[in-house]
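To start, the structure under review is shown below, and the notes come after it.
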Amino acid sequence: MFRKIILLVTVVFFMGLVLFTGMMYLKNETVVYSQGDITLTVEKPTFFTLSDSSVTEQGKDVIRSHDLTLLGLPIGTYTLVERTLDNGVKIVFEQLDNTSWMPFAVSLNTNGLSEAEVKTWNPKPVNHQEDPVYGIDPTVNPYGTIKMVAGEILQGNLYVSRGLTLGNGTEVQELRHEIPDLTMEEGSLRKNFWLPPNYQTETWFMISEAPFFETAATEDKWIDFTLNNRLQQLNWLTPAGPMVKVEQTEDLRTQLAYSRDEERTKDPVSAEWNKTAPSLFFESMVLNSKAAQEQ
């Protein structure tokens, strides 16, 4: 009897060790999107399986949904939304939900960026001033523009959050942290993160054959403006509209609470800049705001 117990414990231990090794060190990639030379992959633990996509269309959006499983058990979903604007620019939104009881490490990779030139949109620290209504928004500018032979990409950061209900009944997303430090290596932009149980990660990028700004000076002027005017820059884009800081209340959770706001979704700042300094970026932001309002 004692030998059987020892044998059972040994078997369970080694099975757990194999599973742990597979989750921590053994990885595989699944291609989920391609556009020209660019491909998106989800790099995940080797025992994780990403199902074939379920594709639906809604207005300007093509939505691809994948189930994420571990040894056949559902642990989350990956959703990619490709939005084609009227000016030809595409915006790709990615969202990964962890519906399991365990955290896991994943990387959302953008491949095909050999000889690309990155221009950061965070060349200096952000001016995180406290607003009397909204408090402090700890987020920073998007990652930056990536110039390629075939066009440009504007890459957003990653936002890890969870849904919660405030004391007044308002549904919000509580930001756990923003991940702005992405890694470019060997022609691949790697977006690595740990995803806790019942949290989600969202990110986005724009892709265009033409430059987003007419001149480097205009882009620099916009970057400087956004670094010093946090409530006027939309960083956390989603298919249904940007997530923006909610007003602070006595509920301490509003310090990191974000939601969608109808007026901010209209993006009047980009519309105004597009009048004085017409650029593909501002035009695309205005068109994206219209598409979000139609959802």
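The values are calculated or read from the model by the stated rules, or taken from the named source; none is laboratory data. Keep in mind it's a predicted model, so treat the numbers as computed, not measured. Here Cβ is always computed from backbone atoms with ideal geometry, including for glycine, and neighbour counts include all displayed protein chains. Accessible surface is based on the protein model in full, side chains and every heavy atom, while ligands, DNA and RNA are left aside. Shrake-Rupley method; radii C 1.70, N 1.55, O 1.52, S 1.80 Å.
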Tell me whether region 197-213 contains one or more residues that are open to solvent by 50 Å² or more (accessible area, probe 1.4 Å), more than 25 Å from residue 289 (Cβ to Cβ) and out of contact with any Phe, Trp or Tyr (no Cβ under 8 Å at 6 or more places or on another chain). yes
In region 43-79, which residue that is aliphatic (A, V, I, L, M) and open to solvent by 40 Å² or more (accessible area, probe 1.4 Å) is farthest from residue 104 (Cα to Cα)? 55
Restricting attention to region 68-80, report how many residues are aliphatic (A, V, I, L, M) and more than 19 Å from residue 199 (Cα to Cα). 1
Being in a strand (DSSP E or B), within 22 Å of residue 115 (Cβ to Cβ) and modelled with pLDDT of 95 or more is the requirement here; does residue 152 meet it? yes
Going residue by residue through region 162-179, is there one that turns out to be hydroxyl-bearing (Ser, Thr, Tyr) and buried (at least 17 other Cβ atoms within 10 Å of the Cβ)? no
Would you point out the residue of region 242-295, among those that are in a loop (DSSP other than H, G, I, E, B) and under 19 Å from residue 178 (Cβ atoms), that is most open to solvent (accessible area, probe 1.4 Å)? 260
Scanning region 103-118 residue by residue, those part of a loop (DSSP other than H, G, I, E, B) and open to solvent by 20 Å² or more (accessible area, probe 1.4 Å) turn out to be 103, 112, 114, 115, 116
Looking only at region 119-132, decide whether some residue is at pLDDT 95 or above, surrounded by fewer than 18 Cβ atoms within 10 Å (Cβ to Cβ) and in a strand (DSSP E or B). yes
Restrict the check to region 30-42 and report whether at least one residue is modelled with pLDDT of 90 or more and in contact with a His (Cβ under 6 Å, 6 or more places away or on another chain). no
